[in-house]
Amino acid sequence: MNTMNESCIFCALPANDVIAKNDLAIAVRDKFPVTHSHSLIIPTRHVINYFDCSAAEREAIHHLLVQCRFEILCVDASVTGFNVGTNVGKTAG
């Protein structure tokens, strides 16, 4: 992450948990996956939610999303669908 924050669970991630990264975002496997290869893509700058990301951060997140999709399909060609989402606010989950 760009700046360490003691209360941020993503700042404490071991480097070997990162499956992909670029200058503005990282991708990791979810610790509590809903499905096999469930991944999280996280901006490296601390933001409250997706809508606080800059255009460059959203593009970096999208780039990792496409990269992760490609890698998942390379490993398991039987995958036939993907869910892409973001939870914004406590009531969203």
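Phe51 passes every criterion in (1) surrounded by fewer than 13 Cβ atoms within 10 Å (Cβ to Cβ); (2) among the hydrophobic types (A, V, I, L, M, F, W, C); (3) free of Cβ contacts under 8 Å to residues at least 24 places away in the same chain apart from (3).
Residue check: Ser37 meets all listed conditions (1) out of contact with any helix residue (DSSP H, G or I) (no Cβ under 7 Å at 6 or more places or on another chain); (2) in contact (Cβ under 8 Å) with a residue 24 or more places away in the chain but one, namely (1).
Residues that are small (Gly, Ala, Ser) and more than 12 Å from the chain's Cα centre (by Cα) within the range 16-36 are absent altogether.
For Asn5, the conditions (1) among the polar types (S, T, N, Q); (2) part of a helix (DSSP H, G or I); (3) touching a residue at least 24 places away in the same chain (Cβ under 8 Å) all hold with the exception of (2). Screening the candidates Glu57, Glu71 for the property of being surrounded by 13 or more Cβ atoms within 10 Å (Cβ to Cβ) and under 12 Å from the mean Cα position of the chain (by Cα) yields one hit, Glu57. Against the numbered list (1) within 16 Å of Val18 (Cβ to Cβ); (2) of a type outside the set (Lys, Arg); (3) more than 14 Å from the chain's Cα centre (by Cα), Gly89 comes up short only at (1). Which ones in the range 22-57 are touching a Ser or Thr at 6+ places or on another chain (Cβ under 8 Å) and under 25 Å from Ser78 (Cα atoms)? Correct list: Ala27, Val28, Arg29, Asp30. Total residues in the range 29-67 satisfying the condition of being in a loop (DSSP other than H, G, I, E, B), of a type in the set (Ser, Thr, Tyr) and within 19 Å of Gly93 (Cα to Cα): the figure is 1.
Going by what's in this entry, would Asn22 be described as surrounded by 10 or more Cβ atoms within 10 Å (Cβ to Cβ), touching a His at 6+ places or on another chain (Cβ under 9 Å), touching a residue at least 40 places away in the same chain (Cβ under 8 Å) and not β-branched (Val, Ile, Thr)? Spelling it out, Asn22 is indeed surrounded by 10 or more Cβ atoms within 10 Å (Cβ to Cβ), touching a His at 6+ places or on another chain (Cβ under 9 Å), touching a residue at least 40 places away in the same chain (Cβ under 8 Å) and not β-branched (Val, Ile, Thr).
Values in this text are rule-based calculations from the coordinates and carry no lab data. Only a predicted model underlies this, so the values are computations on that prediction, with no experimental measurement involved. Methodologically, a virtual Cβ is constructed for each residue, glycine included, from the backbone with ideal geometry; neighbour enumeration extends over all protein chains shown.
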